[in-house]
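Below you'll find the structure, written out as structure tokens, and then a few comments.
The values are calculated or read from the model by the stated rules, or taken from the named source; none is laboratory data. It should be emphasised that the depicted structure is a prediction, and the values quoted were computed from it without experimental measurement. Methodologically, a virtual Cβ is constructed for each residue, glycine included, from the backbone with ideal geometry; neighbour enumeration extends over all protein chains shown.
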Amino acid sequence: MSELDINDKVKEMLEKSAENAGSKNSEKTFVHPEDEEREVIAPDGSIIKVNPIYDYFSGKKPTEEKPSNGVVEKFLNWARSESIWVLGFGTGCGSIEIPPLMTPRFDAFRFGIQMRPTPRQSNAFIISGYLSVKTLKRVIRSYEQMPSPKYVLALGSCTINGGMYYDSYSTINRLDKYLPVDVYIAGCMPRPEALLAGFMKLKELIKEGKGEKANEYARNFDEYKANQKKIIKDWNMPDYNW
Amino acid sequence: MSKIFDFKPDRSKYPAKKADGTLDVDLRSQKYVKLWLGPNHPGVTGNMAVELTLAGDEIVEAKTHVGYLHRGFEKLIERRLYVQGFPTSIRMCVAEPDTNEYLIARSTEVLSGYDKDIPEMAQWLRMLSLEMARLQGLLRGVPGQAGTFSLGIGVQWGVYLRDLILDRFEELTGARVYHMYIIPGGVRGLLPDGFKKRMEENLKEIDNFIIRIRQLMFDNAIFKKRSVGIGVIPKEWVDLYGIVGTNARACGVKRDVRKDNPYLMYEQLDFDPPTATEGDIYARSWVRWQELIQTVDLIRQIMAKMPEKGDIRAKMPNVLHWRIPKGETYNKLESGRGEYGMYYVTDGSDKPRRVNLRGPSYTHAIALLEKMLIGTNIADVHATMVSLQTCPPEIER
Amino acid sequence: MKEILDRITPKYDLQDVSIKDDLQAYVVVEKKLAIDMVTYMRDYEGFSHFVLMSCVDWIEDNKLQLLYLLNNPEKKCVIGIKVFIDRENPSMQSAHHLWKQIWTYQRELREAFGIDFPGSPRIEENFVLEGWTDKPHMLRDFDTNKYAEETYFPRTGRSTNDPATYMRQKLYPNQPVTAKKNKDDE
Amino acid sequence: MNIYVKLAYTLLGFFLVLNWGLLMSATLRKIVARVAGRHGIPFYQPWIDLLKNIGVRTTLSHGFMFYLGPVFRFTGAVGMFLFMPALFGSDMWSNFSFEGDIVLILYFQLFGMLGMAIGAGEGGHPHSAIGIARGLAQHAAIEIPMTLGIISLAIQYHTLSFTDIVAAQQGGIANWTIFTNPIAGVTLLLAALGAMGHSPFNLVKAPNEIPIGPPTEYHGTYLGVLMSSGVVLHVMEAALFMNLLFGGATNWVEFIIKTFLINFYSVFVGVVFPRFKIEQSVVWFFKVPMALGILAILIYSF
């Protein structure tokens, strides 16, 4: 993408967010002063242009990554199914059942399930229960940072239809409108046994070659993004000065 | 020798302060680094974020960001019948859900005038359930302090024993985490046969664990090195910041709702809340460890003193048509984290007018944490946060 | 509790004093005297522990009720100081100088009820919500169900029943719905 | 021996060490799991993890140096392997060790760390940079007792060659350096705790402070390379101390047992001790280990 495109895109986005904000409350625009375009002096004295909103929020469409063919893919799928690295991001109250899952009673390590602290190294995302809009923004961002192939396990009835919080102004009702979900684990909250069963189901799906939801996300990116933009109005990302 | 390396830079003038008292931190000057701990960070308790401004390895400014778990409980309960609000409200804080059950049951009983009718057996069972909840919280919390210093085996043992207590909960109530046992008017059921025997077996195992955890944590040189003198709360802060529970007791202020405003049958139990005077991370985990011993003892006392049989429910009106006259009340109890209260307002209709939960983390995790983190290192952030026992869902509800 | 109330009632011209039991009382005080009274209670009556700051929306009276709940650790009693403020453009003196945690409550109330506390630190910052454009979410006239239905995607097939009607149909299927009414309903 | 044959044997040796490293890491993790009361991962888990990492489709780059980070780390591991005799007295398995190689090994120990510093810095994540800064500071502290201990050994044996040091220890357990020069031995063993990177000196990766330090941005094949160089480094670090202190190894079984025990020793300490902070860790190495190291030199100087 050339620089011109980027600038146009950003301008469009800013206008849109200003419109969104202006429709109800004209004073509140969602560009914080520190997120405006600015020039930064690098340590060697050169001047770099920084546009935080674009730099932090990647508006770039993810590319669809085709699976390799035949036996190789089958073999890799087997390896993927036996080594599921879960992102350690407890998004809801279901995360209280993650410690039991990883400790002597249930010990998910036996099945090749491990927690990883960074999205770059994990390939499974446990959405542990209700998702408030504020968390959903972080979840989407973490999800987009994860390398493909990636899988989403949605815990609890809250992710299926809103569950107990169906009428809450803050939590979403259906997760599959915003992210592609591989396995739903029902319950409020699901027991560790149910979680293990969910993981077994995920393993089956991967072995059958059905764990291609990351490509589905790339294919229907515009649709997912439209749904996400409907509820997440403030796309500003926290400011790093790194 | 250690004096040479104990170099404390003078930060009284740097960073400079603006006229209104806020720090003059110019992020573009490249002297400071902004680091976000959380929400996606294994070192943050639950789902919250701490925004740190660093000068070198030292924190000059900290801001807590919450709201990642906001579900709008207080709004949702206003839209539900009293009995419908009950299963909703217990999900307010997942660490010790029984405390929410008791508060909401107690509030509705007080406001509708049934609080004197609760049978004695139900009160004992309520107390048992609350103490078991405290025990399972402590089994996660006490070794969790060592877990912040990457001493993970204590956590593993603790969570295993917590599973045993959850088994007993399952036996008593049918559910593992959200029990819905303390309903308005009483409790849902009596103790199952053989419950006391199995509980006693589990408590014996926990007794063993208590000794092992002492050897693992409190006799450990590096644990002491990382926790003594770090995260100190002076005694004067207790009232200034509204510190409650074990955090207040660790700096020598003996406050315990169970003793100050006894509820249920706590007057009949023999216990004395443990205290310490130092107020640092070590003192807080030491107090919590002693509380673990005490909770095991309390459960034994409750099981010995409680009657075998009895009424477990008062006669209550039809919950589907239950109207409570206009009124307001504030009820509190001592949870594992401190004073846990609920302000409940009714307006005469079949739904509450306002429910406001006062979680101890509300002050601990925002005002106090932000103050305590200044001047510490990145390595101490997680330890300080866990030692305050912050629980984000009760901040934002 | 009673003696404390006897002492302060004439001093602050308290209107609506309700004593729940020996350990709990609620008083209503005028808006301009409220912070003064809270300070007095802290400094002279030993109510040194600040418990809770809350707000109740009495939409039918067009009033917002602010509550300062204080605890006396010595006498182990709780007093709730209530202030009624106007519902249109609500505003209140800030009390952030009294206790260190009050600015958090004020920040939350600013977001949830739209009450302004001039001078309170970080009052304009978001507390729990992000990018919220609707009216303050805890006001009674904000309909969360409608908002959720419009904004999120309710799953089709999820049905909601009125519990009373549903139970009546389950328990007494042969009776017409309107036949028998509970006496509480009248 | 023909250089090509030697090269073939060296590559085979590297393959063996890589597989032994993977197996050893699984075994040590299983041991830690058993202490916690868990069953633990299956012993073949590291191989699957490696395969899966290679099978990750997305590859992101943060610039040219980002690629080179894992490569440098791998070079460090390979260098340590190449210039250290894996088996003593064997023509096939003594690799490319020659006179003066002990200094080279110390350099290669640092080389991977420096490479990671450049690569992780390019990654741009604050956690990487903090981790690297901690790692380099701690490594500088570890180097001091380690170098002091090695100088003591050099004075004792009048050589800097690995092969000669191992040769001097042959002929029974009593000839091992740990018994002939116990002070230097203890110094090196304390330094070994730091070099192995287990708790209490695991603050480079520090999972709940700066998750997970330098490799934060690395994924897929990069991570696979980092993992494999990590396990090779673990084996070779152990082999370094084995050669210096425990009489080297004359066959593969001995090599495996000794490297495992040395690694087990650091895990054994790590299971029951929490992590130091960086300043505490540096100060710790400057106290007892450094004093012991100076003492070890003084004894042999007079």
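Please work out if C:Tyr166 is at the interface with another protein chain (Cβ under 7 Å from one of its Cβ atoms), part of a helix (DSSP H, G or I) and at pLDDT 80 or above.
Considered against the rule, which asks whether it is at the interface with another protein chain (Cβ under 7 Å from one of its Cβ atoms), part of a helix (DSSP H, G or I) and at pLDDT 80 or above, C:Tyr166 comes out as no.
Only a single item in (1) modelled with pLDDT under 85; (2) more than 9 Å from chain D (Cβ to nearest Cβ) is not met by A:Glu65, and it is number (2). B:Val44 fulfils the conditions (1) more than 14 Å from chain C (Cβ to nearest Cβ); (2) closer than 29 Å to B:Ala146 by Cβ; (3) surrounded by fewer than 19 Cβ atoms within 10 Å (Cβ to Cβ); (4) not polar (S, T, N, Q) except for a single criterion, (3).
Residues of segment A:154-205 that are surrounded by fewer than 20 Cβ atoms within 10 Å (Cβ to Cβ), in a helix (DSSP H, G or I) and either in contact (Cβ under 8 Å) with a residue 60 or more places away in the chain or not aliphatic (A, V, I, L, M) (or both): A:Asn161, A:Asp176, A:Lys177, A:Glu193, A:Leu196, A:Met200, A:Lys201, A:Glu204. Taken over segment D:55-88, the criterion of being of a type in the set (Gly, Ala, Ser), over 16 Å from D:His234 (Cα atoms) and crowded, with 19+ Cβ neighbours inside 10 Å is satisfied by D:Gly55, D:Gly69. Hey, does segment D:278-299 have a residue that's within 20 Å of the chain's Cα centre (by Cα), of a type in the set (Ser, Thr, Tyr) and buried (at least 24 other Cβ atoms within 10 Å of the Cβ)? No, segment D:278-299 has no match at all. Going through (1) within 21 Å of the chain's Cα centre (by Cα); (2) modelled with pLDDT of 85 or more one by one, D:Leu87 falls short only on (2). Taking the conditions (1) of a type in the set (Phe, Trp, Tyr); (2) within 11 Å of chain D (Cβ to nearest Cβ); (3) without any contact (Cβ under 8 Å) to a residue 40 or more places away in the chain in turn, A:Phe106 satisfies each one other than (3). Scanning segment D:205-231 for residues that are within 23 Å of B:Trp36 (Cβ to Cβ) and more than 9 Å from every other protein chain (Cβ to nearest Cβ) yields D:Lys205, D:Gly213, D:Pro214.
From the set of residues in segment B:290-308 that are over 15 Å from B:Arg198 (Cα atoms) and of a type in the set (D, E, K, R), which is surrounded by the fewest Cβ atoms within 10 Å (Cβ to Cβ)? Applying the filter and picking the extreme gives B:Glu308.
Can you tell me which residue within segment D:36-46, out of those that are surrounded by 17 or more Cβ atoms within 10 Å (Cβ to Cβ) and not charged (D, E, K, R), is nearest to the chain's Cα centre (by Cα)?
Across segment D:36-46, the extreme among qualifying residues is D:Pro46.
Residues in segment B:346-355: is at least one closer than 20 Å to B:Ile77 by Cα, within 10 Å of another protein chain (Cβ to nearest Cβ) and not charged (D, E, K, R)? The answer is yes; a qualifying residue exists. Looking at segment B:201-253, the helices (runs of 4 or more DSSP H) lying wholly inside it that each contain 1 or more residues that are at pLDDT below 90 and more than 14 Å from chain C (Cβ to nearest Cβ) sit at B:221-227, B:245-249.
Checking D:Ala154, D:Ala184, D:Ala168, D:Ala195 one by one, the residue that is touching an Asp or Glu at 6+ places or on another chain (Cβ under 7 Å) and either at pLDDT below 85 or of a type in the set (Gly, Ala, Ser) (or both) is D:Ala195 and no other. With respect to the stated conditions, C:Ile8 fails to be touching a Ser or Thr at 6+ places or on another chain (Cβ under 9 Å) and not in a strand (DSSP E or B).
Of all the listed residues (D:Val272, D:Val253), the sole one being out of contact with any helix residue (DSSP H, G or I) (no Cβ under 9 Å at 6 or more places or on another chain), more than 25 Å from D:Asn53 (Cα to Cα) and not polar (S, T, N, Q) is D:Val253.
The requirement of being assigned to a loop (DSSP other than H, G, I, E, B), touching a residue at least 60 places away in the same chain (Cβ under 8 Å) and over 17 Å from the mean Cα position of the chain (by Cα) is satisfied by C:Lys75. Just a yes or no: is a residue in segment C:84-102 in contact with a Cys (Cβ under 6 Å, 6 or more places away or on another chain), surrounded by 18 or more Cβ atoms within 10 Å (Cβ to Cβ) and either over 26 Å from B:Asn261 (Cβ atoms) or touching a residue at least 12 places away in the same chain (Cβ under 8 Å) (or both)? No, because not a single residue in segment C:84-102 is in contact with a Cys (Cβ under 6 Å, 6 or more places away or on another chain), surrounded by 18 or more Cβ atoms within 10 Å (Cβ to Cβ) and either over 26 Å from B:Asn261 (Cβ atoms) or touching a residue at least 12 places away in the same chain (Cβ under 8 Å) (or both). For B:Arg79, indicate whether it is modelled with pLDDT of 80 or more, under 15 Å from B:Tyr344 (Cα atoms) and within 10 Å of another protein chain (Cβ to nearest Cβ). Yes, satisfied.
Quick check on B:Ile59: is it in contact with a strand residue (DSSP E or B) (Cβ under 6 Å, 6 or more places away or on another chain), crowded, with 20+ Cβ neighbours inside 10 Å and either closer than 21 Å to C:Glu130 by Cβ or not charged (D, E, K, R) (or both)? Yes: the conditions hold for B:Ile59. Flag: C:Ile81 does not match the condition of being within 9 Å of another protein chain (Cβ to nearest Cβ) and either within 22 Å of B:Tyr330 (Cα to Cα) or surrounded by fewer than 21 Cβ atoms within 10 Å (Cβ to Cβ) (or both). Taken as a whole, the condition of being facing chain C (nearest Cβ under 10 Å), buried (at least 24 other Cβ atoms within 10 Å of the Cβ) and touching a Lys or Arg at 6+ places or on another chain (Cβ under 8 Å) applies to B:Glu339. Taken as a whole, the condition of being within 22 Å of the chain's Cα centre (by Cα), within 13 Å of chain C (Cβ to nearest Cβ) and without any contact (Cβ under 8 Å) to a residue 24 or more places away in the chain does not apply to B:Tyr362.
When C:Val17, C:Val27, C:Val83 are screened for being in contact with a helix residue (DSSP H, G or I) (Cβ under 9 Å, 6 or more places away or on another chain), modelled with pLDDT under 85 and under 30 Å from C:Asp141 (Cα atoms), only C:Val17 passes. Within segment B:150-167, take every residue that is in contact with a Lys or Arg (Cβ under 7 Å, 6 or more places away or on another chain) and charged (D, E, K, R) and give me the one that is farthest from the other protein chains (Cβ to nearest Cβ). Taking the candidates together, the pick is B:Arg162.
Annotation: B:Ile211 fulfils all but one of (1) out of contact with any helix residue (DSSP H, G or I) (no Cβ under 9 Å at 6 or more places or on another chain); (2) of a type outside the set (Lys, Arg); (3) closer than 30 Å to C:Trp103 by Cα; the unmet one is (3). For segment C:44-68, taking the residues that are in a strand (DSSP E or B) and more than 10 Å from chain B (Cβ to nearest Cβ), the one that is nearest to the chain's Cα centre (by Cα) is identified as C:Leu66. The number of residues in segment B:232-286 that are within 25 Å of C:Thr104 (Cβ to Cβ) and of a type in the set (A, V, I, L, M, F, W, C) comes to 13.
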